[in-house]
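To start, the structure itself, in structure tokens.
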Amino acid sequence: MKWLGRLSSDSSYKGDGSGTGVVAPEPQPSLALGTLFRQLRRDRKYHILELGPAVGDNINYLSRFSCRVRVEDLHCTLGSFDYLSQAGKVDYEAVFQYLLPYEKSTRFDIILAWDLLNYLEFAEVQFLMRHLSRFCHQGTVLFAMISTVKNIPDKPGHYRIIDDSNVLYESQSTVLRPCPRYHDVDLKQLMPTFRVYNSYLLRNGMKEYLLVGS
């Protein structure tokens, strides 16, 4: 499925990107979402996987399109799931099969990861994407925000879609933690069934990605 059109080359916004402290709730541009939303068609149905929390404004925005949205709030679910209590090596594949049980015929057109990947260890991202790839098709679009700064709040933020090209970021913590700062080469290892279609570096140090299933 190749409904996503050709995008322009990598765009960037320059800034200090310090990313420390609390981010005040204020609108910020989302170039990747703007690109994605402009290419959604009103005459077809989309199956969307929301890996972040259920945000009413986002559901209302997406309702303008003919779509079905499945909300998981994966960071919260992982935090309350005691999969580290067992002795020995963690079976991440079994963890995600248990937490994200889908019918074999399920296929998602769009996956909204927001800033979730910044809060997962390398192995967690790897096995999450391996699991989700079973429910994607050629052309499935993954939207992810990868932080390039040294420290980030210790919980994922909430993002509210304001319009086609802007979101409202709401920090959920004043406590900071180290950021894994995944690079493009890491993404190739973490999600081999996806390729970077476009990326945008924003002033706040966040790099937005549109990745497409191959």
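Figures for the structure shown
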| quantity | calculated |
| --- | --- |
| GNM result for the chain, Cα springs below 10 Å: residue of Gly52, Gly34, Gly79 fluctuating most strongly | Gly79 |
| The chain - percent relative contact order, Cα under 8 Å, separation 6 or more | 32 |
| Difference of contour (0.36 nm per residue) and Cα-Cα distance, Ala123 to Tyr102 | 5.4 nm |
| Longest DSSP-loop-exposure-free segment, GluC sites (Glu not before Pro), the chain, at most 11 other Cβ within 10 Å | 1-102 |
| Candidates Lys188, Lys155, Lys89: whichever shows maximal mean-square fluctuation once the chain is modelled as a Gaussian network with Cα springs under 10 Å | Lys89 |
| Calculated Cα extents along the principal axes in Å (choose from [x] 48, 43, 34; [y] 47, 38, 33; [z] 58, 50, 26), label | [x] |
| Choice from His137, His183, His158 with maximal GNM fluctuation in the chain (Cα, 10 Å cutoff) | His183 |
| Under 19 Å from the Cα of Lys150 - aspartates and glutamates, other chains or at least 8 residues apart | Asp16, Asp115, Glu121, Asp184, Asp186, Glu208 |
| Efficiency of FRET between Ala54 and Ser165 - r from beta-carbon atoms, R0 35 angstrom, step 0.05 | 0.95 |
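Laboratory data are not the source of any read-out in this text; all were calculated from the coordinates shown. Treat the numbers as computed from the prediction; the structure is a model and nothing was measured. Positions of Cβ are generated from backbone atoms using ideal geometry, with glycine treated the same way; all protein chains shown enter the neighbour counts.
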